1. Hey, among the residues in region 46-67 that are in a strand (DSSP E or B) and of a type in the set (Lys, Arg), which one's nearest to Arg114 (Cα to Cα)?
2. Based on this model, can you work out whether Glu47 counts as at pLDDT 75 or above and exposed (fewer than 11 other Cβ atoms within 10 Å of the Cβ)?
3. Which residues, taken from region 82-103, are among the aliphatic types (A, V, I, L, M) and under 20 Å from Phe44 (Cβ atoms)?
4. Can you list the strands (runs of 3 or more DSSP E) lying wholly within region 68-120 that have 2 or more residues being within 17 Å of Ala54 (Cβ to Cβ) and touching a helix residue (DSSP H, G or I) at 6+ places or on another chain (Cβ under 9 Å)?
5. Do you know which residues across region 78-95 are hydrophobic (A, V, I, L, M, F, W, C) and either in contact with a strand residue (DSSP E or B) (Cβ under 7 Å, 6 or more places away or on another chain) or surrounded by 13 or more Cβ atoms within 10 Å (Cβ to Cβ) (or both)?
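The values are calculated or read from the model by the stated rules, or taken from the named source; none is laboratory data. Model, not experiment: these values are computed from the prediction. Note: ideal-geometry Cβ built from the backbone for every residue, glycine included; neighbour counts use all protein chains shown.
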Amino acid sequence: MAHRLRRAFNRGLLGVGIAFALNANPAHSTPNYDWPGMKKCGTFQAEYRIWVYAKRMSCRKARRIQKEYWLGPDSRKVIHNGGSGANGYVTLKRYPGWRCGSGAGGGSCTRMNRSASYQN
């Protein structure tokens, strides 16, 4: 009896594991990935393919801000506290008031409640 119960339990765990594996949807930067509350704004090529998203702003401006962040010359950027990590950020001289930060595979430039975000 204990052997049958253990086998049934193991089958149940296997079934749950397979169900999770089939439903797992990793967060990729692809045209099929959606950030909740944000609209997709297309891509551009930098060191990587950059997928741009906008929140409470036009896609045109979001793309311009991200292009400045990724492709603009260093002379138009100000690096604060190292530029990355928990306390680091970058400001863009062409877009006063915007503060840009990055993490593993993504980041954003924000100003008040507006956001020009990216994934790479």
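1. Initial filter on region 46-67 (in a strand (DSSP E or B)): 49-55.
Subsequent filtering for residues that are of a type in the set (Lys, Arg) retains 49, 55.
Values: Arg49: 23, Lys55: 6 Å.
Per the stated criteria, the residue is Lys55.
2. Values: at pLDDT 75 or above: yes; exposed (fewer than 11 other Cβ atoms within 10 Å of the Cβ): yes.
Criteria met by Glu47.
3. Val90, Leu92, listed by residue number.
4. On the way: elements: 77-80, 89-92, 95-103, 106-111, 114-119.
Counting at least 2 such residues, we get 95-103, 106-111, 114-119.
5. Residues of region 78-95 hydrophobic (A, V, I, L, M, F, W, C): 78-79, 86, 90, 92.
Within region 78-95, Val78, Ile79, Val90, Leu92 meet the criteria.
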